[in-house]
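The values are calculated or read from the model by the stated rules, or taken from the named source; none is laboratory data. Predicted model, so just to flag it, every value in this text is computed and none were measured. Glycine also receives a Cβ, built like all others from the backbone with ideal geometry; neighbour counts cover every protein chain displayed.
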Amino acid sequence: MNIRQQLNDIFQTAMTAAGIPAECSPSVAPAKKAGFGDYQANGAMAAAKKVGTNPRELAAKIVENLDKGDMIEKVEIAGPGFINIHLSDTWLGKALAAAHADEHLNIASVEEPQTIVLDYSAPNLAKEMHVGHLRSTIIGDALARLLEFQGHRVIRQNHMGDWGTQFGMLLAHLSDQIQKEDAAVALADLEVFYREAKVRFDEEEGFADRAREYVVKLQGGDPECLKLWQQFIDISISHSEEIYDKLNVTLKREDVYGESRYNDDLPVLVQELLDRGIAVEDQGAIVVFLEEMADKEGNPSPMIIRKKGGGYLYATTDLAGIRYRANQLKADRIVIVVDARQSLHLQQAFTTARKAGFLPESVTLEHCAFGTMMGEDGKPFKTRTGGTVKLAALLDEAVERATALVAEKNPDLSQEERELIGRVVGIGAVKYADLSKTRTNDYVFNWDSMLAFEGNTAPYLQYAYTRVRSIFRRAGVDPSDLKSEIILGTDAERTLAIKLNQFSEVLEQVARDTFPHVLCTYLYDLASAYMAFYEACPVLKEGVSEEEKLSRLQLCDLVARTLATGLDLLGIEVLEQM
Ligand code: ARG
């Protein structure tokens, strides 16, 4: 249990003893400013309103009934009825020693593990992956790692766009190309391939008809056609996998559960919604009209689930996906990581799924939305000539830039070291730059700021980690041998101790709200608290007592391990030396 939760429990007990009704919460939170204790209980004001008494007096009554145990050193009442909580140094030291001795930093697994379906990455296989899929991939992967670390059962679902009418044109073109060359060669660059097919579709006599025939054959399950399609899909998935590899993303081939997997269910689903009167026919199409989402004039929000010609849509597949995940995969929680511009679509799908009872009430549906990656010009990120930026090229550039920077900073590195550090720093920088921004906002992509060794960046944190680790090399100490008491003699040590103890609190917050930037901010604050500690508290210098040295070394080790664990949960690597 984290500090916040523990304090909350202690204060809840005190409130009950003070005769306050159970629905009043103590509202314990970390103190916002220095000088107001370590934590604060802010619930007395709301409780006083509820029972109709003076908040300061009620705060005093809570304090009278408080069992401080060995955790709380002292409390004081401030302002209209805030209770400032000072934690005991001995207790904090013991908590840290326990974390130090535990492989998992003493972070307990959740008491009630959930089955969580995370839908992320989801590129469209007809085309090369581009920067638009970067955000979904890395935000989703960070959440997957974190939820797993907490003990949840995470099911990754890569909802790839592997179906649709555009495949008619692509397969017609592919069937011609493989007369001349290997399929892998023909599909080496999906952008080029797509463009060629499109030109033929628009200009070549008879080609468009063939493309349409392919669509019909594909939908009819024609074996030859399916084989061709499978070939296309396999090669395209390999392209994505190269990127996942480069990005250090945990998605595997078995996590691919593309749109095509729902094909057979689409007619069944539409019929069911029709039979139950949830969907109706409208000008030849099948539509769900959602009164729940009506506009100001009262017009219901329409969601088409079958087109006039009989074709199914993105929305139909998402409905089938929700039903499958809740009923077959037994999800307790479904999180879809996709662009904020798809909000209306997902809201409609969620509302329809609820209305149709496709999932138990208890299952939560979440759209983990993110903003657009912008260029320096404030417009969506594009190449200089206005094309979409290919992810592979972007990542190569990141590694190249980082390698050059590293070589400049440290000319003595061997070629091999330089390449390793360049890769870890370059990829880390791209990922961290994205994860550290509030995901719902648009953000500007900027090489210089993401690769800076100062500020809230991956290189800064990676470098902070290696600096801490270098202390152990200098001291010739194996941190796992350290077992002495942790003494918090100075303010800098105390501040650091409290930060370290807050790691599990932060993880819980991110798991609940799915905002990874909260973890980034925490790691950055931790690194800053460490720098302040390192300035104020010599570790290996002469004049430091043995007791102090061993205590401080343990703090150093906890910082290193917390940084490494936190970065790993974000999908970012660290190095022993850089
Ligand atoms: N393939 C879609 C796109 O590129 C993203 C799919 C996200 N997942 C979902 N269940 N809709 O925009």
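Looking at segment 20-33, is at least one residue under 30 Å from Val110 (Cα atoms), among the β-branched types (Val, Ile, Thr) and not in a loop (DSSP other than H, G, I, E, B)? Yes; the residues of segment 20-33 include at least one that is under 30 Å from Val110 (Cα atoms), among the β-branched types (Val, Ile, Thr) and not in a loop (DSSP other than H, G, I, E, B). Report, by residue number, each residue of segment 465-479 that is over 30 Å from Thr440 (Cα atoms) and in contact (Cβ under 8 Å) with a residue 24 or more places away in the chain. The answer is Thr466, Val468, Arg469, Ser470, Ile471, Phe472, Arg474, Ala475, Val477, Pro479. Note on segment 310-339: residues that are away from the ligand (no atom under 12 Å from the Cβ) and farther than 20 Å from Leu274 by Cα total 8.
Is it the case that some residue within segment 503-511 is buried (at least 19 other Cβ atoms within 10 Å of the Cβ), free of Cβ contacts under 8 Å to residues at least 24 places away in the same chain and within 17 Å of Gln554 (Cβ to Cβ)? No, every residue in segment 503-511 fails to be buried (at least 19 other Cβ atoms within 10 Å of the Cβ), free of Cβ contacts under 8 Å to residues at least 24 places away in the same chain and within 17 Å of Gln554 (Cβ to Cβ). Restricting Leu125, Leu187, Leu174 to those that are touching a strand residue (DSSP E or B) at 6+ places or on another chain (Cβ under 9 Å) and crowded, with 17+ Cβ neighbours inside 10 Å reduces the list to Leu125. Might you check whether a residue that is exposed (fewer than 15 other Cβ atoms within 10 Å of the Cβ) and not assigned by TED's automatic domain parsing to the domain that holds Thr514 occurs anywhere in segment 80-97? Scanning segment 80-97 turns up at least one residue that is exposed (fewer than 15 other Cβ atoms within 10 Å of the Cβ) and not assigned by TED's automatic domain parsing to the domain that holds Thr514.
Within segment 384-426, track down each residue that is over 19 Å from Leu451 (Cβ atoms) and not in a helix (DSSP H, G or I). Result: Arg384, Thr385, Gly386, Gly387, Thr388, Lys390, Asp412, Ser414. Please indicate, with yes or no, whether at least one residue in segment 61-70 is under 22 Å from Ala529 (Cα atoms) and in contact with a Phe, Trp or Tyr (Cβ under 7 Å, 6 or more places away or on another chain). No.
When Asp557, Asp568 are checked against the criterion of being surrounded by fewer than 18 Cβ atoms within 10 Å (Cβ to Cβ), assigned to a helix (DSSP H, G or I) and either in contact (Cβ under 8 Å) with a residue 12 or more places away in the chain or in contact with a Leu (Cβ under 8 Å, 6 or more places away or on another chain) (or both), a single residue qualifies: Asp568. Taking the criterion of being within 16 Å of the ligand (Cβ to nearest atom) and either of a type outside the set (A, V, I, L, M) or not in a loop (DSSP other than H, G, I, E, B) (or both), the residues of segment 95-123 that qualify are Ile116, Val117, Leu118, Asp119, Tyr120, Ser121, Pro123. The set of residues from segment 127-146 being more than 9 Å from the ligand (Cβ to nearest atom), modelled with pLDDT of 90 or more and more than 11 Å from the chain's Cα centre (by Cα) comprises just one member, Leu134. Residues of segment 340-385 that are under 30 Å from Leu274 (Cα atoms), within 13 Å of the ligand (Cβ to nearest atom) and of a type in the set (S, T, N, Q): Gln342, Ser343, Gln347, Gln348. Residues in segment 165-211 that are under 18 Å from Trp229 (Cβ atoms) and not in a helix (DSSP H, G or I): how many? Qualifying residue count for the region: 3. Only residues that are of a type in the set (Val, Ile, Thr) and closer than 24 Å to Ser436 by Cβ were counted across segment 359-387, and they come to 1.
Of the residues making up segment 436-446, none is assigned to a helix (DSSP H, G or I) and on the phi < 0 side of the Ramachandran plot. Of note, Lys227 satisfies the criterion of being in a helix (DSSP H, G or I), under 16 Å from Asp162 (Cα atoms) and among the charged types (D, E, K, R). For Gly221, the criteria (1) part of a helix (DSSP H, G or I); (2) closer than 22 Å to Asn263 by Cβ hold in every case but one, which is (1).
The condition (being within 16 Å of the ligand (Cβ to nearest atom), outside the structural domain of Leu567 (by TED's automatic domain parsing) and outside any helix (DSSP H, G or I)) is satisfied by just one residue among Ile155, Ile77: Ile155.
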